[in-house]
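First up is the structure itself, then whatever we jot down about it.
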Amino acid sequence: MDKKTVANIAYLSRLKLNSDNEEKITSDLENIIKFVDQLDDVNVENIAPLTSPLEKTAKTRSDEVTAKNRKDVFLERAPKSNEDYFLVPRVVE
Amino acid sequence: MSIQYKTIAELRSMLDSKAISSKEIVEETFKLIDENNDLNAFITLNKEAAIAKSIEIENNPVKSALHGIPIAQKDLFCTKDLRTTCGSNILSNFIPPYSATVIENLENAGCISVGKTNMDEFAMGSSNETSFFGGVRNPWGQNLVPGGSSGGSASAVAAGLVPAATGTDTGGSIRQPASLCGITGLKPTYGRISRWGMIAFASSLDQAGPMARTAEDCAIMLNEMCSHDFKDTTSLSEDVPDFTKDLDSSIKGLKIGIVKEFDMSKLDSDVVSVFEESKKHYESLGAEFIEVSLPNISLSVPAYYVVAPAECSSNLSRFDGVKFGHRSTDTINLEELYIKTRSEGFGDEVKRRILIGSYVLSAGFYDAYYKKAQQVRRLIKNDFDSAFKKVDVIMSPTTRGAAFETGSKGSDPIQMYLEDLFTIPANLAGLPAMSLPNGMVDNKPIGLQLIGNFLDEKKILQVAHSFQKSTDWHLKTPKGTKLS
Amino acid sequence: MSWETVIGLEIHVQLSTKSKLFSGGSTSFGAEPNTHVDLIDMGLPGVLPVANKEAFLKAIRFGLATNAVINQTSTFDRKNYFYPDLPKGYQITQMALPIVGEGSIKIEVDGVEKIINITRAHLEEDAGKSIHDLFEGETGVDLNRAGTPLLEIVSEPEISNAKEAVAYFKAIRQLVTFLDICDGNMAEGSMRCDVNVSIKKEGEEKLGTRAEIKNINSFKFIERAINHEVERQIRIIESGESVVQETRLYDSIKNETRSMRSKEEANDYRYFPCPDLLPVVITDEELNNIRNNLPELPKQKEKRYVSDNSLDIAEAKIIASSKTMANMFEEACLKTDDSKLVANWLVGDVSALLNKDGIDIDESKLTPDNFAKMVERISDDTISGKIAKSVLEEVWDSGSDVDEIIQKKGLVQIQDESLLEEIGQKIIDANPKQVEAFKSGKDRLFGFFVGQVMKETQGKASPKSVNEILRKLLS
């Protein structure tokens, strides 16, 4: 869990650690990873991963349009918007 | 006639006999909440709407036991047009345009939502100390934590402000605070209660559940909370039984499992004696104790702390300042918008878990951590399946000890994680589990955990109810023992 | 130095379902921004996805038509990254177990056939749209498109040049339109493709480093982008440097590819199974149902047009090559027994107009309905074939209704026998010299009389009737 690794995953998560908490959180992360490393020694040969505790398959929906126009409801909750769009600082590709 | 510390069943009978009106109950509820403000159990109150509903409901037919009863809702459930924060700064101004299914179910049954309770931020915590809105006080002691993440709900019920509240449980967040606050709380089988409208922490572990003063009240709540919801494809389609029926069934001959690998020697001797007393009591009721082995159970906490953070790191990506919630001001480009918004919006525990989550899912680590943890999860589930071939329920203490002081878990997150040692396994396996008060340690309540087989909420409720019929731990309040 | 090009295409096909992949939001194109957005499409806290069965059924049609492995149990994964038009901060896709596995499709370039193998085709949700140029210093986000079902079709890197790439893209487009799973509308973005290009020395086994050119949505641009990119890579290697593995965008105005500014390369998508979606299972019964109800594909239509409509192979091939043209043919044949007539118009005048304008039939203003009507009016003698040509041109330019045009311009052909006889007799009386010359053997003069009647009637006389009547009068 070196600084570079932490910086990488922080960026992936769009988080920035500041001087107040960077050291503490880095050491916390190290400890947590050490803690979960207990899983290393377990033999899981031929064991399928469990994604959901439910042993069942999905119910699907039929192809119908059920949504109404709620543009106003959504845009009024947006931190920044005009009457039609959500707005973010200009993205350059 | 004070309504403080009354159960749903008691209030129901008062309402039915017209000894009191719903409006009076609700008004007194808000008075109690106000008087007990220092608990900081609530983030948002719903006073006007609640009182209006209590008046309106007087003329409606009584459809369920919850009709006209005030209930507190954990601030993790979306409530239409009522602020929902999840205990976080990033949602401190969020007004959902819709309500969670479980909220709708309860309100359709006639319950009156009095407010949103305080909680650990995004349900991550075991002491309600990570909330952006400040910690919650345990009514049992000035400086005690109520447990978490459903700390506000537990405190409100324990202080008798409301007869019941909703909570959510991902690694023990209903059961552990129930234990520390001396109340009864139940996490049903994964999928019993719809997750539509429940702000997601760890999708394959989260479940809503009732927190109340008795197993009977939990059963009443559960009846209304459970439903098959086509909007949540992980919700079960099995019929919802009447959980209040057959509560009185005898537990003679019941086989109760004690987990060999739960090392009691590590617990405080007081805690162990309380547990042993409960065992004796159950034996006197005709139950039989059998040792069961769950060989992989000690891997529960590490497996959980891979799976839950992984899922949460993804679930929390939607909080980006673009569509709703907090947005950092003064950001010059998109990257800054994301980074500043999220860094400002989330507390340290949430940040830790997101970082762990991103780490264990990242290229090169996925197999060693995430995939491995999911495989271990299956091992744990298999262990339970085998155990339930031999026993009807499994019993353990809910927590390692009673409520601890605020700030006492020090700065090591792992100390806090180990609070959930006994509760996590049931979440990993998706099994129903509950906590009921079974004693006192240092004048603080402590709880007993019952874990049931898949879909067997009825059994654990019966087992809890039979304990509560013949003991009075659940009648204790911070002000003394309630007359039953 | 002889270079070989290795190309793989990832084509994103927007499935023509009415609603989105995981919500009941509408997928229809061109709506006002943010009006087709459901709670689920917004990624609001607490919402959950529910899979649209129809998307699976459409994906399976593609799998069956490409002789592919169908994974009757398929699962969903989350692809995690941040972008303003990705509301949840992750895209739900199929990484581990896609609905369609390995298959193949035949392409033809300059008469030579080649099989291109397809690695997989999986379902995933589309993102919304980021509008960069409307607002000063800001980007607007429209989530209408967020959640639309996409079928991502991944080819093996078996394409060797730009022409093959275009042929492959066209073949896929033809297939998905005929299968009725996508409208194939490139202008609306119904099909987009990412092209992976690398080069290696001829005969070399090891593949070179590839660059990915993202989001190209026209045949022309695919060809240009590939050609440009190959040249770019050759230049780089020949100058002693190495090609960087990266994502590039094709700039159609400058005709060049450029590296994308975003830190895509730093992106680790951290795929993991989506815990909100359980595996989707398609039963044997459902699979057989789809198999037995697959829409007719081009080759099948060709055969049928030859056997049932008596078209010749060349005509049948042209008409069957495009879903729209095939539709036009079939709809028009419902209005008239004369399928040869219909075929002639499509293969003749309509094709000529398409060539002249350099467009695809989908881009023309001619609708199957209007075309059928035109053919019907010829068949029922309302207008003559010659008049029909001008009607077609009018429709081509304006898209107006055929009957409206005929009425407005008074193009109904004159068939009234007594009127025509009158006019014919008038012409004959006015031209005694020509009559004598004709009667004494100058057969070609017949055309003169016909011409005069036509002139007199502003071309509206029914040529058939005029012929009959003049023959009678001049006999």
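Throughout, read-outs are computed from the coordinates displayed, never taken from laboratory work. Quantities reported herein were computed from a predicted structural model and do not represent experimental measurements. As a convention, Cβ positions derive from the backbone with ideal geometry for all residues, glycine included, and neighbour counts pool all protein chains shown.
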Of B:LYS351/B:LYS389; B:LYS231/B:LYS389; C:LYS170/C:LYS356; A:LYS59/C:LYS317; B:LYS31/B:LYS63, pairs whose Cα-Cα distance is over 32 Å: B:LYS351/B:LYS389; B:LYS231/B:LYS389; A:LYS59/C:LYS317
Percentage of interatomic Cα-Cα distances in the range A:1-41 larger than 16 Å: 38
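Please report, in cubic angstrom per residue, the volume enclosed by the convex hull of the alpha-carbon atoms of the range C:325-387.
Details: hull volume 4.9 nm³, N = 63.
That works out to 78 Å³ per residue.
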Between 0 and 90 degrees, rounded to the nearest ten: what's the tilt of helix C:368-379 against the longest Cα principal axis of chain C? 20
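Among the DSSP beta bridges whose two residues both lie in the protein assembly as shown, what percent are antiparallel, rounded to the nearest 5?
Details: 91 of 112 bridges.
The answer is about 80 percent antiparallel.
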Using the beta-carbon distance between C:ASN293 and A:ASN69 and R0 = 41 Å, what value does 1/(1 + (r/R0)^6) give for FRET efficiency, to the nearest 0.05? 0.75
So for B:GLU27, B:GLU238, fewest C-beta neighbours within 10 Å to most, what's the order? B:GLU238, B:GLU27
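Can you give the average number of partner chain beta-carbon atoms within 10 Å of each beta-carbon in peptide A:20-33, as a whole number?
Working: counts 1, 4, 0, 0, 4, 6, 1, 2, 10, 6, 0, 3, 14, 7.
Counting Cβ atoms of other protein chains within 10 Å of each residue's Cβ and averaging gives 4.
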For B:THR7, the net charge from surrounding residues (Cβ-Cβ under 13 Å; K, R +1; D, E -1) works out to +1
Note to self, the protein assembly as shown gives a 222 nm [θ] from helices alone (DSSP H runs n ≥ 4, -39500 (n - 2.57) apiece, / all residues, nearest 500) of -11000 deg cm²/dmol
Work out how far the C-alpha atoms of the range B:334-484 reach from end to end along every principal axis, then list the three figures in whole Å, largest first. 60, 42, 25
Pairing the Cα long axis of helix C:298-309 with the longest principal axis of chain C, what angle in degrees results, from 0 to 90 and rounded to the nearest 10? 20
Under 11 Å from the 7 Å Cα→Cβ point of B:LYS479, by amide nitrogen: which residues of the range B:9-32? B:32
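Which pairs, out of C:LYS389/C:LYS433; C:LYS163/C:LYS200; B:LYS381/C:LYS79; B:LYS390/B:LYS458; C:LYS18/C:LYS373; B:LYS47/B:LYS245, put more than 23 Å between their alpha-carbon atoms?
On the way: C:LYS389/C:LYS433 34 Å; C:LYS163/C:LYS200 18 Å; B:LYS381/C:LYS79 27 Å; B:LYS390/B:LYS458 18 Å; C:LYS18/C:LYS373 29 Å; B:LYS47/B:LYS245 34 Å.
Too far apart for the 23 Å limit: C:LYS389/C:LYS433; B:LYS381/C:LYS79; C:LYS18/C:LYS373; B:LYS47/B:LYS245.
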Counting other C-beta atoms within 10 Å, and keeping those with at most 13, which DSSP coil trypsin sites (Lys or Arg not before Pro) do you find in the range B:152-258? B:LYS245, B:LYS252
Along Cα→Cβ, 7 Å out, is where each label goes; now give me the distance between the ones at C:ASP312 and B:GLU277 in nm to one decimal. 10.4
Using a Förster distance of 60 Å, the FRET efficiency for C:ASN355-C:GLU286 (Cβ separation, nearest 0.05): 0.90
Cα-Cα pairs in chain B separated by more than 40 Å, as a whole percent of all pairs, come to 14
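Using the number of other C-beta atoms within 10 angstrom as an exposure proxy, rank B:LEU418, C:LEU179 with the fewest first. If you can, show how the numbers build up before the last one.
Working: B:LEU418 17, C:LEU179 20.
Ascending number of Cβ neighbours within 10 Å: B:LEU418, C:LEU179.
Test of understanding: ordering B:LEU436, A:LEU17 by Cβ neighbours within 10 Å, fewest first, what list do you get?
Working: B:LEU436 31, A:LEU17 20.
If I rank by nearby Cβ atoms, fewest first, I get A:LEU17, B:LEU436.
How big is the dipole moment of chain C about its Cα centre under a simple scheme where the beta carbon of each Lys and Arg is +1, that of each Asp and Glu is -1, and everything else is neutral? Debye, nearest 20, please.
Working: 59 positive and 79 negative charges, 176 e Å.
It works out to roughly 840 debye.
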Please check which bits of the range B:77-118 a label hung off B:THR329 would reach, taking the label as a point 7 Å along Cα-to-C-beta and the cut-off as backbone N under 17 Å. B:90, B:92-93
10 Å Cβ neighbours from other chains, averaged over peptide B:422-434: 1
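Would you mind telling me the antiparallel percentage of the DSSP bridges in chain B, rounded to 5? Mind showing how you got there, number by number?
Numbers: 32 of 47 bridges.
About 70 percent, rounded to the nearest 5.
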Helix C:323-335 axis, angle to chain C major axis (alpha carbon atoms, nearest 10°): 40
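What FRET efficiency, computed as 1/(1 + (r/R0)^6) with R0 = 25 Å and r the Cβ-Cβ distance, is obtained for C:ASN267 and B:GLU336, rounded to the nearest 0.05?
Values: r = 18 Å, r/R0 = 0.72.
Rounded to the nearest 0.05, the efficiency is 0.85.
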